[in-house]
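Peer 1: Quick one: the structure is below, questions incoming.
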Amino acid sequence: MKKFSLGLCLALVLVLFTIVTQAQDEPPAVINFTGTAGLLPEGVEWDANRGVFLVGSQGEGLIQTVADDGTLTPLIEDDDLIFSNGIHIDHARNRLLVTTTDVEPILDCDALRQEQPFTGVAVYDLATLERLALYDLSGVYPNFGSMTNDVTVDDEGNIYATDWCGSGVAMIDTEGNISSVVTGESFYVSAPGFGAGAFNGIDWHPDGYLLVSGGYGTTLYKIAVNPPTPPLPSESLSITPVSVDAVGFADGVTILPNGDVVIIGVIVDADSEAGFSNATVRYTSDDDFATATLTGVVTYERFATTGVVRDGAFYSVFAGIGEPLTVADYEIVRMDFDVNNEADASEAEDIAASQIDVIGMLFPNNAQRFTVSTYIEALEITGIDAFIAEQEIVTVFAPTNAAFRNLAEELGVSVEDLLADTETLREILLYHIFVGQRLTGEDLSVIQNTTLAMANGQLVTGRLIEVNGVVENARLTDSQGREAVVSGGTTFDNSIVYTMNVVMLPTVE
């Protein structure tokens, strides 16, 4: 019979104790917590000193802690925190930064322009919870409605806050001086069903620049502020778009410890029923984010808003935004990029490939793909995508998702029913293609009372809408007398793509 020495036994006990302790200390993959139906915790941070997550409240303003067992506890209750969006811990100074506004966050920026509510950034001592400052940013963007969205801080302690409606990024320097880093109507983009806005998530990269999500369209901007001291002359600012092509809508932005960026929002996903998927997406760069490479994707059913790093792992918060207000259940979920890195990379490649399959040439703009995802799905179902690719010169009129929903309601069926009748659907899609000519804006300006023979052989009639002698837009009338407004116009070497607010219907025998 073998004998074990006391030292060996103690070593085995220590090993077993370590294994058990590590298993007990490992943070959960999902933290479920329940609050009020209007909690809407859009912002999330990890407070390592307290060992809890911090969440804001887009519905109530207060800051609360979320323990691993889901216990929700009020931390900061401030009468000036009416509604809070983004939160950020300034670890170097042990401060908590909170964006706040005194009206319920809404997507109607025009309404906010009329109201001009208070919006700004509150700063708290994270140890004592004393409020250190409350900065009013409502006057930074006088020509826009204003809703401060997300916030971060640079190495020197300067605070940066995005404004969804103000179409800009404001800076609060270490002396409390407020200035506009960037603002401009050129960044302002709208998308049906989501309103209009510009900058959303923001984070400071350790290499010395801001990465800011642009909502729709170009969904990531690199903003280099050098030197970061107001007033900011034009030569001190460099703002460049970074291609993150899989992303259709970007909400939160978080820089990982290794310098990668995680974008939380919506990706274009032709394989999903809706044409897009809620996702957390990771990008890496070897040129200081002049360009970015997709390296990880995690998709899920609910909509996440932003995320945070905890002990080297990335967590997203599911804030309940876009869900019925009766829903009071929320989640903070770990996104296992590193654990499933090989699978993530494969999924990223599949998404990139699917975009090419869906006439990627014709829909290079993320915002456009997002608004015509039903049309893109219809192209694939019917094989009309291949028909378009075979044409030397073509003009495409793409109905928006809203147009398909309206048609389904008009016919008393579902959108799924429309897509299921592939024979009729094919005729409809051909009725939206003009072959043999690229109809530019100038060409459309002379279609008054003229007819166009579409790819299915049937005619549409064109007319113009003028206001004070200026052409506002062109309209096409289908065989049923239904009129569609033509918008946009993305031009390529041999084609041009417009969007339409109505699905035109041919005569079907």
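The values are calculated or read from the model by the stated rules, or taken from the named source; none is laboratory data. Note that this is a predicted model, so its numbers are computed, not measured. When we count neighbours, we look across all protein chains shown, and the Cβ atoms used for this are built from the backbone with ideal geometry, even at glycine. The protein model used for the area step is the full one, side chains on, heavy atoms only, and it has no ligands, DNA or RNA in it. Shrake-Rupley method; radii C 1.70, N 1.55, O 1.52, S 1.80 Å.
Peer 1: Output yes when any residue across region 166-174 is free of Cβ contacts under 8 Å to residues at least 12 places away in the same chain, out of contact with any strand residue (DSSP E or B) (no Cβ under 8 Å at 6 or more places or on another chain), part of a loop (DSSP other than H, G, I, E, B) and open to solvent by 20 Å² or more (accessible area, probe 1.4 Å), and no when none is. Steps first, answer last, please.
Peer 2: Of region 166-174, the ones free of Cβ contacts under 8 Å to residues at least 12 places away in the same chain are none.
No - not one qualifying residue is present in region 166-174.
Peer 1: Can you tell me which residue within region 233-252, out of those that are at pLDDT below 60 and outside any strand (DSSP E or B), is surrounded by the most Cβ atoms within 10 Å (Cβ to Cβ)? Walk me through it before giving the result.
Peer 2: First, the residues of region 233-252 that are at pLDDT below 60: 233-237.
From what's left, outside any strand (DSSP E or B): 233-236.
Values: PRO233: 7, SER234: 6, GLU235: 7, SER236: 15.
Across region 233-252, the extreme among qualifying residues is SER236.
Peer 1: Which of (1) part of a strand (DSSP E or B); (2) under 20 Å from VAL372 (Cα atoms); (3) at pLDDT 85 or above does VAL485 not meet, given it meets every other one?
Peer 2: (3)
Peer 1: Here is a list: GLY139, GLY184. Which entry is open to solvent by less than 50 Å² (accessible area, probe 1.4 Å), over 15 Å from ARG93 (Cβ atoms) and at pLDDT below 85? Write out each step before concluding.
Peer 2: Working: GLY139 fails: open to solvent by less than 50 Å² (accessible area, probe 1.4 Å).
None of the other options fit; the residue is GLY184.
Peer 1: Could you please find all residues in region 120-147 being within 25 Å of ARG50 (Cβ to Cβ), in a loop (DSSP other than H, G, I, E, B) and of a type in the set (A, V, I, L, M, F, W, C)?
Peer 2: The answer is LEU126, ALA127, LEU129.
Peer 1: Could you tell me whether region 15-27 includes any residue that is outside any strand (DSSP E or B), modelled with pLDDT of 85 or more and not aromatic (Phe, Trp, Tyr)?
Peer 2: no
Peer 1: Among the residues of region 288-320, which ones are polar (S, T, N, Q) and open to solvent by 10 Å² or more (accessible area, probe 1.4 Å)?
Peer 2: THR291, THR293, THR295, THR299, THR306
Peer 1: Look through region 64-102, keep the residues that are of a type in the set (A, V, I, L, M) and open to solvent by 60 Å² or more (accessible area, probe 1.4 Å), and return whichever of them is modelled with the highest pLDDT.
Peer 2: Within region 64-102, the match that is modelled with the highest pLDDT is ALA92.
Peer 1: Among the residues of region 187-232, which ones are modelled with pLDDT under 85, in a strand (DSSP E or B) and within 21 Å of ASP245 (Cβ to Cβ)?
Peer 2: Correct list: VAL189, SER190, ALA191, GLY197, TYR216.
Peer 1: Of everything in region 427-437, what is in a strand (DSSP E or B) and either of a type in the set (Gly, Ala, Ser) or open to solvent by 50 Å² or more (accessible area, probe 1.4 Å) (or both)? Give them in sequence order.
Peer 2: Once the filter is applied, which keeps residues that are in a strand (DSSP E or B) and either of a type in the set (Gly, Ala, Ser) or open to solvent by 50 Å² or more (accessible area, probe 1.4 Å) (or both), region 427-437 yields only VAL435.
Peer 1: Here's a follow-up. How many residues does region 84-99 contain that are over 22 Å from ASP251 (Cα atoms) and touching a residue at least 60 places away in the same chain (Cβ under 8 Å)?
Peer 2: 2
Peer 1: Kindly state which strands (runs of 3 or more DSSP E) lie completely within region 279-336 and contain at least 3 residues that are among the hydroxyl-bearing types (Ser, Thr, Tyr) and farther than 23 Å from ILE239 by Cβ.
Peer 2: Those strands (runs of 3 or more DSSP E) span 293-300.
Peer 1: Select, from ASN456, ASN473, the only residue that is of a type outside the set (Val, Ile, Thr), at pLDDT below 80 and either over 15 Å from TYR375 (Cβ atoms) or touching a strand residue (DSSP E or B) at 6+ places or on another chain (Cβ under 9 Å) (or both).
Peer 2: Just one listed residue meets the conditions, ASN473.
Peer 1: Counting only residues that are touching a Lys or Arg at 6+ places or on another chain (Cβ under 9 Å) and in a strand (DSSP E or B), which one in region 36-54 is surrounded by the fewest Cβ atoms within 10 Å (Cβ to Cβ)?
Peer 2: Going residue by residue through region 36-54, those that are touching a Lys or Arg at 6+ places or on another chain (Cβ under 9 Å) are 46, 48, 53.
With in a strand (DSSP E or B) added as a condition, the list becomes 46, 53.
Details: TRP46: 19, PHE53: 23.
Looking at the filtered set, the residue picked out is TRP46.
Peer 1: What pairs can you find where one residue is in region 61-83 and closer than 22 Å to VAL123 by Cβ and free of Cβ contacts under 8 Å to residues at least 40 places away in the same chain, the other is basic (Lys, Arg) and in a loop (DSSP other than H, G, I, E, B), and their Cβ atoms are less than 8 Å apart, with a gap of 6+ or different chains?
Peer 2: THR65/ARG50
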